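Taking it in order: structure first as structure tokens, then the write-up.
Computed from the coordinates by the stated procedures, all read-outs in this text should not be read as laboratory data. This structure is a prediction, so every number in the text was calculated from the model and none was measured. Ideal geometry is used to build each Cβ from the backbone, glycine not excepted, and the neighbour counts take in all protein chains shown.
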Amino acid sequence: MSWREWGSSRPLPAEGGIRARSQRGAIGERWWSRRFTDVLESFGMTGRLARGRNYARRGQVLGFEISTGYVTAQVQGSRPKPYRVRIQVTPLTTPQWRRVGQALAGQALFRAKLLAGEMPREIEEVFADCGTPLFPRSARDLDMSCSCPDWGVPCKHLAAVCYVLAEAFDIDPFGILAWRGRDREELLASLRLRTAGEDEAARPLIDVTDRPLAECVADYWSPGMSPARLRALPSVPAAPPDLLLRTFEPPPVAVRDHDLVTLLTPAYERLADPDDPVSG
């Protein structure tokens with residue numbers, strides 16, 4: 001069989017595979033997942049990437065696992081035995097994560113957005129300032145391999161896994177952070193308190209300092225931005241009604257074996273509903 005004949009063969013049907021939600025156009029809806037697919041598409045292998053998108057949409061990716069530094073997956077191709085795929089990225093070291101954690105903890109907004117399932121855009125700057133870019137900057141930052149006989153990187157099986165990953169990152173941005181070495185619980189624990197050293201007492205999460213009011217009375221009422229620029233700003237997505245509940249640790253109080261967050265969440269949702277007579 002020639003290379004051209006093998007390369008154009010159709011994949012075998014896959015049962016129970018992960019089917020991409022997007023059935024046309026680009027894959028990856030949020031800015032952070034697009035950052036990831038941008039690196040993939042920087043390889044420039046248009047044909048293989050198109051076939052990889054088709055594989056992702058057909059559900060040829062049978063499953064994947066994210067661990068520190070690695071994504072491993074299986075993809076059903078044209079042969080009976082699924083191909084083994086591995087995508088490797090260099091995880092951050094413990095000192096690097098310590099610097100990132102301290103920088104993130106200094107901004108309460110970061111923790112609130114992460115708890116709400118959002119990746120704040122400023123997080124890229126935090127990682128960059130710590131000398132550790134969050135996203136791979138180019139193909140050189142990824143080590144990709146597949147057990148298929150295709151010599152090209154990425155092959156369509158690798159591309160399919162990347163596109164499925166992008167949609168998984170859409171749903172849970174903590175997957176990106178876990179790939180770089182910190183899972184959800186570890187990261188959020190580091191954001192709750194900012195620690196200056198091993199023997200120093202924990203400090204409060206929020207530490208706000210600003211100029212005294214007497215020094216800024218002259219320009220207190222000056223507009224910081226013109227109305228035209230304000231109108232040009234992109235709209236901010238609505239925050240989840242229970243965001244405040246997610247931001248802080250639930251108090252150690254249980255009511256009929258339920259914590260207060262579980263009990264109060266429905267009330268917050270009703271108060272945020274404009275059609276509910278209680279909120280009106």
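Computed from backbone phi, the HN-Hα couplings of segment 76-84 come to 7, x, 8, 9, x, 7, x, 7, 9 Hz, rounded to whole numbers (Karplus: 6.51 cos²θ - 1.76 cosθ + 1.60, θ = phi - 60°; Gly and Pro given as x). For segment 74-121, the list of trypsin sites (Lys or Arg not before Pro) that fall in a loop by DSSP and count at most 13 other C-beta atoms within 10 angstrom reads Arg121. Taken one residue at a time, the phi angles of segment 9-21 give Karplus couplings (6.51, -1.76, 1.60, θ = phi - 60°) of 5, 8, x, 6, x, 10, 9, x, x, 8, 9, 4, 6 Hz. Gly and Pro are set to x. Normalising by residue count, segment 1-114 has a Cα convex hull of 149 Å³ per residue.
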